[in-house]
1. Using modelled backbone amide H atoms (1.01 Å from N, in-plane), which distant-in-sequence or interchain residues come within less than 5 Å of ARG106's amide H?
2. Please report, largest first and rounded to whole Å, the three semi-axes of the ellipsoid equivalent to segment 92-134, where each semi-axis is the square root of five times an eigenvalue of the C-alpha gyration tensor.
3. Treating each Cα of the chain as an identical point scatterer and ignoring solvent, apply the Debye formula and state log10 I(q)/I(0) at q = 0.09, 0.14 Å⁻¹.
4. Quick one: how many lysine pairs does segment 1-144 have with C-alpha atoms less than 20 Å apart and a gap of 8 or more or different chains? Give me the count, please.
5. Using only Cα atoms, find the angle between the long axis of helix 15-26 and the longest principal axis of the chain, and express it within 0 to 90 degrees, rounded to the nearest 10.
6. Once segment 15-86 is represented by equal point scatterers at the alpha-carbon sites, with solvent omitted, what log10 I(q)/I(0) does the Debye formula produce at q = 0.18, 0.20 Å⁻¹?
7. Considering the convex hull of the alpha carbon atoms of segment 76-153, report its projected area averaged over all viewing directions, in nm², one decimal.
8. Taking 0.36 nm per intervening residue step and subtracting the Cα-Cα distance, what contour gain separates ASP79 from LYS139 on full extension?
Amino acid sequence: MLKSGYKRPLFRLGTMKELDTILNEILDPELVLLDSRLDRTTGSWVVVVDSESGVTLDQTSRLAKKLVKHAEVEQQFPDGLQVEISSPGIDYPLTQLFQFKKNIGRKLKMDLAPKWASVPEKVRLNDVQGNVLHVSRQKKEFYIPLEDVKKAYVLVSFH
């Protein structure tokens, strides 16, 4: 949390690595760390987490409190450290297998390895079998290994 008179913290070389080590030590086991970075415009530490069952406000709040009260964080940032913890938004790419499983039945926009050039960019995710995505578009079906997916986003549709 912020103390009054908050000043943007100075991050020295190696600070993010140290903060990520602390984060991984206290991260709830059901949460998966997707991103941890410094927002240089605000001086905030931005953390993005997800889980198979979704992320609650209570989980993000508890994590933020643990982080700012951690002894090493208090020592490195005596004037406080602004921490922003969130789950991935709709504009955040799917990167973990469980995220694809949570989105079975939805339409995706995918950027694939060159060998999949014949697959349309926008597809429906039908199933996930092991590390293989079963997708389709216009009655054509494709089985794409997860490692061949460069980026994938859920497409928002309003019915």
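What follows draws every value from the coordinates through simple rules; no lab data is involved. Keep in mind that what you see is a predicted model, and the values were worked out from it rather than measured.
1. Excluding prolines and chain starts, which carry no amide H, the hits are LEU125.
2. Working: eigenvalues 56, 25, 23 Å².
So the three semi-axes of segment 92-134 are 17, 11, 11 Å.
3. Values returned for q = 0.09, 0.14 Å⁻¹ are -0.40, -0.78.
4. Value for segment 1-144: 20.
5. 80
6. Those come out to -0.65, -0.81, one per q.
7. Details: hull surface 27.9 nm².
Its Cα hull, projected and averaged over all orientations, spans 7.0 nm².
8. Values: separation 60, 0.36 × 60 = 21.60 nm, distance 5.90 nm.
So the extension gain works out to 15.7 nm.
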